[in-house]
Amino acid sequence: MEKRFFAMLALMLSAVAFTSCEYDDSGLWDKLNSLQEQVTANQEDIATLTSLVEALNKGKVIVATTQTDNGYTLTFSDGSTIEITNGKDGDSFFVSIVEQDDMVIITLADGRVIKLPVINYELRVLTFEDEDYKGTGGDNYWSSLISSGEYGNGNGQYSWDDENNTELAFYPSSTALFPGYGGHAISNYTGNDLSQGDYMHDLQAYNVTGGANGSDNFCVHFGYLDDSGMGMMNELVYFEFADGESRVIDHMYVTNTTYVYNLLTNGDGWQVPTGAGEDSWFKIVAYGYDENDERCGEAEFYLWNKGRKGVSEWTKWDLASLGKVTRVEFNLVGSDDLYGPYGLGVAGYFAYDDVAVRFEK
């Protein structure tokens, strides 16, 4: 389209050159403006098609459709939107948009059809805030689980259950190599002083003032497995749906703990002597399991990236790609330089909050 536009422009300009000074060029400019509008419209259509393809590849689904004067606004599960305009007079890649109960069908000018699923669901969020608790643990249930000090002592000494809400729960393992070592502890400790980045402050989230989205409480995960044979764990730590149902976990917010951020920034003089290098990375890996207890998906989130770039704020992590799960296991994995004779040299912690679960209407 762009090549045709510039060819037409050159032809028109050539025609002007062979006419008198009194040539009326209003018609020429009308045609030029019309061509430019068509080029712009096609560029917008290409951008829309690209967004649609990306949405399909990332497993996004439509949660809302809004009809406009010229077409539809599609809202996806991650909150993003796409504007699609019904085509007319051949000036669009899109010929028609038809909305059905569970599908939006988009027909392109070349006859191809794109079908996007529409799922109506509500998001229930595990916030770890007392006022949001809907279970039977009392009005002060979540805060009552917070340790009186910033030392989590393995984090696996108690269980919790978001009953009557997301139904997510954590239970200490009965088959762990060291019972109580590795778990999910509720916390409200934060700080940005890396001198406190040691195991005695392992419940501290780094460089934030509370939980995600302005809340107070959050949760700290501890636990990892490696191939060294020197670790103190024989299984991964996980949370699960207490009622045994399988559901899609839409997303959660994660960030670093002060302990991990300090190890990667300054090192400990031992397993990570001087901290992370320029090419070091450190990530969470989530494994989803379905109702048959078979692994059905995997997702990852980098807490630390190459160039010594660490996460220091609450960041949304999309977990919908795991599919419908009954439980999610978490592991911490690093680049080769972060491993030593005793395995992974970085403590296996991360903080998380606001776990959003899809409940189909």
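The values are calculated or read from the model by the stated rules, or taken from the named source; none is laboratory data. Note that the coordinates shown come from a computational prediction; the quantities given were computed from them, not determined experimentally. Methodologically, a virtual Cβ is constructed for each residue, glycine included, from the backbone with ideal geometry; neighbour enumeration extends over all protein chains shown. Heads up: the accessible areas ignore ligands, DNA and RNA and are worked out on the full protein's heavy atoms, side chains in. Shrake-Rupley method; radii C 1.70, N 1.55, O 1.52, S 1.80 Å.
Among the residues of the range 252-273, those that are at pLDDT 95 or above and either part of a loop (DSSP other than H, G, I, E, B) or over 19 Å from N207 (Cβ atoms) (or both) comprise N256, G267.
Looking at I119, is it within 30 Å of F241 (Cα to Cα), of a type in the set (A, V, I, L, M) and at pLDDT below 85? So I119 passes the test.
Looking across the range 161-182, just one residue is at pLDDT below 95 and assigned to a strand (DSSP E or B), and that is Y181. Considering only residues of the range 304-349 that are open to solvent by 30 Å² or more (accessible area, probe 1.4 Å) and of a type in the set (F, W, Y), which is nearest to V254 (Cα to Cα)? Checked the range 304-349; the qualifying residue nearest to V254 (Cα to Cα) is W314. Consider the range 285-303 and keep the residues that are within 13 Å of the chain's Cα centre (by Cα) and exposed (fewer than 14 other Cβ atoms within 10 Å of the Cβ). The one that is farthest from T315 (Cα to Cα) is E298. Residue-level check: of (1) surrounded by 16 or more Cβ atoms within 10 Å (Cβ to Cβ); (2) at pLDDT 90 or above; (3) more than 22 Å from the chain's Cα centre (by Cα), G231 misses just (2). A count restricted to the range 105-138 and to residues that are under 30 Å from D161 (Cβ atoms), part of a loop (DSSP other than H, G, I, E, B) and open to solvent by 70 Å² or more (accessible area, probe 1.4 Å) stands at 3. Looking only at residues of the range 148-160 that are open to solvent by 40 Å² or more (accessible area, probe 1.4 Å) and of a type in the set (S, T, N, Q), we find that the one that is modelled with the lowest pLDDT is N153.
Taking the stated definitions as given, is A109 over 29 Å from the mean Cα position of the chain (by Cα) and free of Cβ contacts under 8 Å to residues at least 40 places away in the same chain?
Numbers: over 29 Å from the mean Cα position of the chain (by Cα): yes; free of Cβ contacts under 8 Å to residues at least 40 places away in the same chain: yes.
It is true that A109 is over 29 Å from the mean Cα position of the chain (by Cα) and free of Cβ contacts under 8 Å to residues at least 40 places away in the same chain.
Taken as a whole, the condition of being over 19 Å from D198 (Cα atoms) and of a type in the set (A, V, I, L, M, F, W, C) applies to V285. Of the residues V98, V125, V104, which is under 22 Å from A212 (Cβ atoms) and at pLDDT 80 or above? Exactly one residue qualifies, and that residue is V125. Kindly establish whether Y224 is under 29 Å from E298 (Cβ atoms), aromatic (F, W, Y), out of contact with any Ser or Thr (no Cβ under 9 Å at 6 or more places or on another chain) and assigned to a loop (DSSP other than H, G, I, E, B). Yes; evaluated as a whole, the condition is true for this residue. Of the residues examined, A276 is not one that is under 24 Å from Y158 (Cβ atoms) and touching a residue at least 24 places away in the same chain (Cβ under 8 Å). When the range 294-323 is filtered for residues that are of a type outside the set (F, W, Y), outside any strand (DSSP E or B) and touching a strand residue (DSSP E or B) at 6+ places or on another chain (Cβ under 9 Å), the ones remaining, listed by number, are V311, S312, E313, L319, A320, S321, L322, G323. Scanning the range 193-221 for residues that are more than 21 Å from the chain's Cα centre (by Cα), crowded, with 18+ Cβ neighbours inside 10 Å and not in a loop (DSSP other than H, G, I, E, B) yields a total of 2. So, Y141, is that one among the aromatic types (F, W, Y), at pLDDT below 95 and either closer than 30 Å to S77 by Cα or open to solvent by 50 Å² or more (accessible area, probe 1.4 Å) (or both) or not? Answer is no for this residue.
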